[in-house]
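Engineer: For reference, the structure I am asking about is given below.
The values are calculated or read from the model by the stated rules, or taken from the named source; none is laboratory data. Please read all numbers here as calculations on a predicted model, not as lab measurements. Because the Cβ atoms are built from the backbone with ideal geometry, glycine has one as well, and the counts that use them run over all protein chains shown. The accessibility values were calculated without ligands, DNA or RNA, using every heavy atom of the protein model including side chains. Shrake-Rupley method; radii C 1.70, N 1.55, O 1.52, S 1.80 Å.
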Amino acid sequence: MAATASNRLTALLTATRLFTPPQIEELLIKQRENEGVLTAFVTALEYAREDVFLEALAQALKVPFVRVGEQPIAGEVLEKVPPKAVFQYNVIPVALEDASTLRVATSEPFRAGLADAFRLASGGMRVKFALSPSGDIEKATKKFYGVGADTLDRLIAGNELNLDEDMGPSVGDLNDLDQEASVVKFVNQVIWEARHDRGTDIHIEPMENDLRIRYRIDGVLHPTPLPPQMKRFQSAIISRIKVMAGMDIAEKRLPQDGRISLRVKGEEIDVRVSTMPTIYGESVSLRLLMRSSGMFGMDKLGLFPDDEDILNKLIRKPNGILLVTGPTGSGKSTSLYAWLHTINSVDKRILTVEDPIEYEMAGINQVQVRSEIGLSFANTLRTFLRQDPDIIMVGEIRDQETADIAIRAALTGHLVFSTLHTNDAAGAITRLVDMGIEPFLVASSVEALTAQRLIRELCPKCKRPWPVDKDFLGGIGFPLDMLSAGTICEPVGCEYCRGTGYSGRTGIYEILLVTDPIRQMIVERRSSGAIKEYALQNGMRTLRMDGWRKVLAGITTLEEVVRVTSEDEG
């Protein structure tokens, strides 16, 4: 019998015309050793692409090959199989052939016991297979059942909710899904999904009749499909997160902040947690901070070589203040860490004061602000000046006291890096003066100001040249004389970028060097507009100008540059 099954599989693999006899023999051995798992080894051994192999195998087996997720699946079909079985075997029902026959999509048709398992799970229905890539099935199960549907199924069936249960503040590796409490498993699934999708933030938002979870991916919010009954378990989910973050689960009237440290597939990840009371319950925001992702140099910031050269010279100055400006989420902290990483060496004493510490850096003394005990930015900076530092990094200049001490540090021979929330580089000068800093002190201490924004990068796998429309370009202020410098591309969307046309983010920058004429303008209390105009006449590029250069380099799109910059930055 075994020989007959082996001969049949050999004939099927031969019929695909994708493998040599030695490759077929290798696959047969792997298939026997791993309970019928075959497709995974075809791709792991790089014998064929998964979709190509499955399509050829479907023809040999005379079964349909489908791309699940592209077409809707009827609710009555989805209800035939419990979510637990769907997620466990990574298969999904796609159609009812008749009243007693269910068509199920799988990527592993030879998996031992699969047909029998689904016959039992579907209440005795006859099961016929269709073939579909595993990635398509995984995305379809999340789309049609929702993230955590299998966990919810178990919660409802077993009535497992017990908020008095001690779930423990520690979390292990998220690869291990054998969690005792289903609500623990669900929270882990949400964090894992966000990380897997390159998310930077998770927002858990209670609605009147629903619980909404959204991931921020490449700066844009994307809703996550959830099972319809998830609202029932809102309190348990939020309580679990608060326990993990070391918060008071009994306090639901006041905002709280906390932090979670865990591992995702061996990679360390920190999660900053913030809760906020709303009329329908506590809203929770989680910021995912990958420790390793902060450890890179200037070459990873997306700077053009000329701008990188300018900043490399600035961050090696013996003293002065370098300010990075931009709104929340524009990558300011990442830039500061890249600067520190570039100049970090054993002969420099570097001190930082941050709220919070986003990335831990070896060789640097980092201090976390704790306002409740009086450890503020200003108090910490005063102490820094008695610690013999060479370089000081202040997470943010928020008030006059902090600005005063930072300027004093710069004037007494220290190099100071910090951030300000302003829209452009020149605006940081007037912001400091508005805080109460004397203009002559600003002029004497500030060496340069940079403004930045984050824009989505085009997917390298599917981007294509855009047919130039000069009327459109003129309408958005694109300089037509630059067209010969490169090619404008547009997003398409593919499996690699999950259909968005974008993958990853990079920065656009505006660098304002404080020269002697600009120092004189600061002392004379000239407006930020006048300072910016002078800088533009002397070679400064605005954020939008830098964006246009990245458009012509095929890095991003016109729409992205327009989205993140203002018209007056052209």
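Engineer: If we scan the stretch 443-460, do we find a residue that is over 29 Å from Val324 (Cβ atoms) and of a type in the set (Val, Ile, Thr)?
Structural biologist: no
Engineer: Could you grab me the full set of residues in the stretch 531-570 that are farther than 19 Å from Pro327 by Cα, of a type in the set (Ser, Thr, Tyr) and under 22 Å from the mean Cα position of the chain (by Cα)?
Structural biologist: Once the filter is applied, which keeps residues that are farther than 19 Å from Pro327 by Cα, of a type in the set (Ser, Thr, Tyr) and under 22 Å from the mean Cα position of the chain (by Cα), the stretch 531-570 yields Thr556, Thr557.
Engineer: I would also like to ask the following. Would you tally the residues in the stretch 192-212 being out of contact with any Gly (no Cβ under 9 Å at 6 or more places or on another chain), closer than 27 Å to Glu79 by Cα and open to solvent by less than 10 Å² (accessible area, probe 1.4 Å)?
Structural biologist: 2
Engineer: Could you tell me whether the stretch 496-504 includes any residue that is at pLDDT below 95, on the phi < 0 side of the Ramachandran plot and either in contact with a Leu (Cβ under 6 Å, 6 or more places away or on another chain) or part of a strand (DSSP E or B) (or both)?
Structural biologist: Yes, the stretch 496-504 has at least one match.
Engineer: Could you pull out every one of the helices (runs of 4 or more DSSP H) wholly within the stretch 120-212 that has 1 or more residues that are modelled with pLDDT of 80 or more and among the aliphatic types (A, V, I, L, M)?
Structural biologist: 134-145, 182-196
Engineer: Somewhere in the stretch 505-515, is a residue open to solvent by 50 Å² or more (accessible area, probe 1.4 Å) and out of contact with any Lys or Arg (no Cβ under 6 Å at 6 or more places or on another chain)?
Structural biologist: Yes, the stretch 505-515 contains at least one residue that is open to solvent by 50 Å² or more (accessible area, probe 1.4 Å) and out of contact with any Lys or Arg (no Cβ under 6 Å at 6 or more places or on another chain).
Engineer: So which residues in the stretch 233-248 are assigned to a loop (DSSP other than H, G, I, E, B) and crowded, with 18+ Cβ neighbours inside 10 Å?
Structural biologist: If the condition is that a residue be assigned to a loop (DSSP other than H, G, I, E, B) and crowded, with 18+ Cβ neighbours inside 10 Å, then Ala245, Met247 are the ones that fit.
Engineer: Any residue at all in the stretch 313-327 that is among the basic types (Lys, Arg), more than 30 Å from Phe186 (Cβ to Cβ) and touching a residue at least 60 places away in the same chain (Cβ under 8 Å)?
Structural biologist: yes
Engineer: Does the stretch 90-108 hold any residues that are of a type outside the set (Val, Ile, Thr), modelled with pLDDT of 80 or more and surrounded by fewer than 22 Cβ atoms within 10 Å (Cβ to Cβ), and which are they?
Structural biologist: Asn90, Ala95, Leu96, Glu97, Asp98, Ser100, Arg103
So that you can scan it fast, the table gives a plain yes or no per residue for (1) hydrophobic (A, V, I, L, M, F, W, C); (2) open to solvent by 70 Å² or more (accessible area, probe 1.4 Å); (3) assigned to a strand (DSSP E or B):
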site	(1), (2), (3)
Ala406	yes, no, no
Val416	yes, no, yes
Thr419	no, no, yes
Asp424	no, no, no
Ala428	yes, no, no
Val433	yes, no, no
Gly436	no, no, no
Glu447	no, no, yes
Val468	yes, yes, no
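Engineer: Which numbered condition trips up Met230, out of (1) touching a Leu at 6+ places or on another chain (Cβ under 6 Å); (2) open to solvent by 70 Å² or more (accessible area, probe 1.4 Å)?
Structural biologist: All conditions pass for Met230, except number (2).
Engineer: Count, please, the residues in the stretch 302-358 that happen to be under 24 Å from the mean Cα position of the chain (by Cα) and of a type in the set (Asp, Glu).
Structural biologist: Here the count works out to 3.
Engineer: Now a separate question. Name the residue that is nearest to Ile137 (Cα to Cα), counting only residues in the stretch 1-56 that are open to solvent by less than 30 Å² (accessible area, probe 1.4 Å), of a type outside the set (Phe, Trp, Tyr) and not in a helix (DSSP H, G or I).
Structural biologist: The extreme case among them is Leu38.
Engineer: A further question follows. Please give the number of the condition Gly294 fails out of (1) out of contact with any strand residue (DSSP E or B) (no Cβ under 7 Å at 6 or more places or on another chain); (2) modelled with pLDDT under 85; (3) open to solvent by 50 Å² or more (accessible area, probe 1.4 Å).
Structural biologist: Tallying (1) out of contact with any strand residue (DSSP E or B) (no Cβ under 7 Å at 6 or more places or on another chain); (2) modelled with pLDDT under 85; (3) open to solvent by 50 Å² or more (accessible area, probe 1.4 Å), Gly294 fails exactly one: (3).
Engineer: When you check Phe478 against the structure, is it of a type in the set (Phe, Trp, Tyr) and surrounded by 14 or more Cβ atoms within 10 Å (Cβ to Cβ), yes or no?
Structural biologist: yes
Engineer: Could you list all residues from the stretch 410-455 that are of a type in the set (Ser, Thr, Tyr) and in contact with a Phe, Trp or Tyr (Cβ under 9 Å, 6 or more places away or on another chain)?
Structural biologist: The answer is Thr450, and nothing else.
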